[in-house]
Amino acid sequence: MTGILISTYPWVKALHIMAVISWMAGLFYLPRLFVYHAEQSEPEDSRDVVFQEMERKLLNVIMTPSMIATWALGLALVAVPGVVDWSDTWPWTKAAGVLAMTWFHFWLAARRRDFATGVRSVSGRRYRLMNEAPTVLMVVIVFSVVLRF
């Protein structure tokens with residue numbers, strides 16, 4: 001098993017990076033869609049229907065499969081002997097960042113369900129602020145992995 005993990009490591013790493021890019025694109029775009037949805041439509045008007053369809057497809061077709069692939073491939077990378085030294089700080093800061101990003105993903109999914117049921121509990125301004133969360137988390141994760149701090 002170890003031999004397979006080592007020999008496929010570059011492929012798994014490449015696929016992991018692609019999955020992360022896809023997931024991050026959605027995490028950046030969905031809150032921006034929510035800003036416009038909250039500010040430019042009312043429940044059940046024609047724009048609301050269009051926004052809901054765009055948000056649903058982005059979440060279900062791109063973001064969630066990318067998140068699952070990111071997690072699966074990331075765990076496969078961690079399983080390769082010698083890749084992670086758990087006595088270092090960086091794997092823990094990266095893990096904290098990934099867990100926070102996953103929480104944010106599920107927070108966005110809950111807000112999409114709110115829109116689907118006509119609930120408008122979050123303002124466009126708050127969505128604008130929340131749109132910065134993936135950037136901050138990305139900085140923590142990338143610095144953790146590349147600089148190993």
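Report the residue count in the range 66-90 for those that are touching a residue at least 24 places away in the same chain (Cβ under 8 Å) and in contact with a helix residue (DSSP H, G or I) (Cβ under 9 Å, 6 or more places away or on another chain). Lay out the reasoning, then the answer.
Here is the first cut: in the range 66-90, the ones touching a residue at least 24 places away in the same chain (Cβ under 8 Å) are 66-67, 69-71, 73-74, 76-77, 79-81, 83, 88-90.
Next, only the ones that are in contact with a helix residue (DSSP H, G or I) (Cβ under 9 Å, 6 or more places away or on another chain) stay: 66-67, 69-71, 73-74, 76-77, 79-81, 83, 89-90.
Of the residues in that region, 15 qualify.
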Worksheet item: What are the residue pairs meeting all of these: first residue in the range 18-36, first residue farther than 18 Å from Glu132 by Cβ, second residue hydroxyl-bearing (Ser, Thr, Tyr), Cβ atoms under 6 Å, and 6 or more apart or on different chains?
Response: Ala19/Ser66; Ala19/Thr70; Val20/Thr70; Ser22/Ser66
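Could you list all residues from the range 42-95 that are among the small types (Gly, Ala, Ser) and within 23 Å of the chain's Cα centre (by Cα)? Give the steps one after another, and end with the answer.
At the first step, the residues of the range 42-95 found to be among the small types (Gly, Ala, Ser) are 46, 66, 69, 72, 74, 76, 79, 82, 87, 95.
Within the range 42-95, Ser66, Ala69, Ala72, Gly74, Ala76, Ala79, Ala95 meet the criteria.
Considering only the range 37-57, how many residues are in contact (Cβ under 8 Å) with a residue 40 or more places away in the chain, of a type in the set (Lys, Arg) and loosely packed, with under 12 Cβ neighbours inside 10 Å? Break it down stepwise before answering.
Going residue by residue through the range 37-57, those that are in contact (Cβ under 8 Å) with a residue 40 or more places away in the chain are 37-39, 43-44, 48, 51-52, 55-56.
Then keep just the ones that are of a type in the set (Lys, Arg); that gives 56.
Remaining after also requiring loosely packed, with under 12 Cβ neighbours inside 10 Å: none.
Number of matching residues: 0.
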Fill in: Which numbered condition Gly124 fails, given (1) in contact (Cβ under 8 Å) with a residue 60 or more places away in the chain; (2) on the phi > 0 side of the Ramachandran plot; (3) not basic (Lys, Arg)
(2)
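Would you please name the residue that is nearest to Val80 (Cα to Cα), looking only at residues in the range 134-149 that are in contact (Cβ under 8 Å) with a residue 60 or more places away in the chain and assigned to a helix (DSSP H, G or I)?
Step one: of the range 134-149, the residues in contact (Cβ under 8 Å) with a residue 60 or more places away in the chain are 134-135, 138, 148-149.
Now drop any that are not assigned to a helix (DSSP H, G or I), which leaves 134-135, 138.
Numbers: Pro134: 27, Thr135: 28, Met138: 23 Å.
For the range 134-149, the residue satisfying everything is Met138.
Just so you know, all these numbers are worked out from the coordinates, no wet-lab data involved. Being a predicted model, the structure only gives us computed values, none of them experimental. Positions of Cβ are backbone-derived with ideal geometry, glycine not excepted, and every protein chain shown enters the neighbour counts.
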